[in-house]
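Colleague: To start, I am sharing the structure in question, which I have written as structure tokens.
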Amino acid sequence: MATSDFDTVADRLYAGEPADFVAERTAAARAAKEAGDVELARRIRALRKPTAAAAYVNRLARDGSAPLAELASLGDKLREAHEKLDGSRLRELAHQRAELVQRIIRDATGLSDTVEREVEETLEAIVADADLARLALAGRLTSKARQDADRWLSLPTNPAPAKKTRQSEKDRKAEEEARVRALERRQAVRARAEAERNLQRAERTAEQADDRVTELRERLADAERRAARAADELARAQKTFEEADDAVQRS
């Protein structure tokens, strides 16, 4: 199987409309199977239908969006600044990220509020995840993405050691409240991640069901065609028999 064949099919599918994805994927997989390339057919069938948010980001990549490319490259700069604990650089990059994301969102039209939020979350995640950035630039995202990047986008740099002073009750209370808030945030992040995993599983189940329905419809259509051909053949055979029977009766 030539990788270029798979890439050609994948590029065509992800460049199209999400509503047409399943039908187009099924047709492409069938064509590959009929051509004798079972492995290519298997890989094509494994391609996942993109969500509305993923499809929008894919279109940005295929349209050569400069802000999206800048956003992806920002991740490398951010990781370098983070390794060096360069706080001022991190703040500068965080500001650039926010500006680029807003530029893209401002240009977005025809998106629902929910999809727009998912696009924004995906764009922010692209900065935090190099693999996701490469996937986005290739125009092959399949679902919205989320990364808790803010946690390390604004890390302080080498804070000066605090002088040992007697901690006041007020400070201790503030510290405790900060710990509680941090714990609540971690719990909320975990809960959100679990909810997102459940959503993705549900999306995969729904897509598999959609695939099955499409397959069954095609098999039904094929069976109906065979039944129609059989009926035609029966009618011809019946006519031939009747003609032959008439000839025997006349003789």
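The values are calculated or read from the model by the stated rules, or taken from the named source; none is laboratory data. This is a predicted model, so every value here is computed, not measured. In this analysis, Cβ positions are derived from the backbone assuming ideal geometry, glycine residues included, and neighbour counts consider all displayed protein chains. Only protein heavy atoms, including side chains, enter the accessible area calculation; ligands, DNA and RNA are left aside. Shrake-Rupley method; radii C 1.70, N 1.55, O 1.52, S 1.80 Å.
Colleague: Out of the total accessible area of segment 1-74 (probe 1.4 Å, heavy atoms of protein only), what percent is carbon and sulfur?
Modeller: Result for segment 1-74: 51 percent of the exposed heavy-atom area is carbon or sulfur.
Colleague: Continuing with this model, one more query. If you build the convex hull over the alpha carbons only and average its shadow over all orientations, what do you get for segment 70-114? Give it in nm² to one decimal.
Modeller: Its average projected convex-hull area is 3.7 nm².
Colleague: Which percent of the accessible area of segment 185-249 is formed by carbon and sulfur heavy atoms (probe 1.4 angstrom)?
Modeller: Carbon plus sulfur share of accessible area: 54 percent.
Colleague: Right, another one. Could you compute the FRET efficiency for Glu39 and Asp131, with r as their C-beta to C-beta distance and R0 at 25 Å, rounded to 0.05?
Modeller: 0.55
Colleague: To the nearest 0.05, how large is the calculated FRET efficiency for Asp210 and Glu92 if R₀ is 51 Å and r is the Cβ-Cβ distance?
Modeller: 0.65
Colleague: Can you order the peptides 201-212, 10-21, 47-58, 236-247 by their average number of other Cβ atoms within 10 Å per residue, highest first?
Modeller: 47-58, 10-21, 201-212, 236-247
Colleague: Pick from Asp37, Asp222, Asp76: which is most flexible by mean-square fluctuation in a GNM of the chain where alpha carbon atoms under 10 Å apart are linked?
Modeller: Greatest mean-square fluctuation among the candidates belongs to Asp222.
Colleague: Spin-label point model (7 Å from Cα, Cβ direction): what's the Asp7 to Asp246 distance in nm?
Modeller: Modelled inter-label distance: 6.6 nm.
Colleague: Hey, what's the per residue convex hull volume over the C-alpha atoms of the chain, in cubic angstrom?
Modeller: Cα convex hull per residue, to the nearest whole number: 184 Å³.
Colleague: At 1.4 Å probe size, with every protein chain present, just tell me what the per residue accessible area of segment 3-51 comes to in Å².
Modeller: Per residue, segment 3-51 has 54 Å² of solvent-accessible surface.
Colleague: How large is the charge dipole for the chain, taken about the Cα centre, if only the Cβ atoms of Lys, Arg (+1) and Asp, Glu (-1) carry charge, to the nearest 20 debye?
Modeller: 1340
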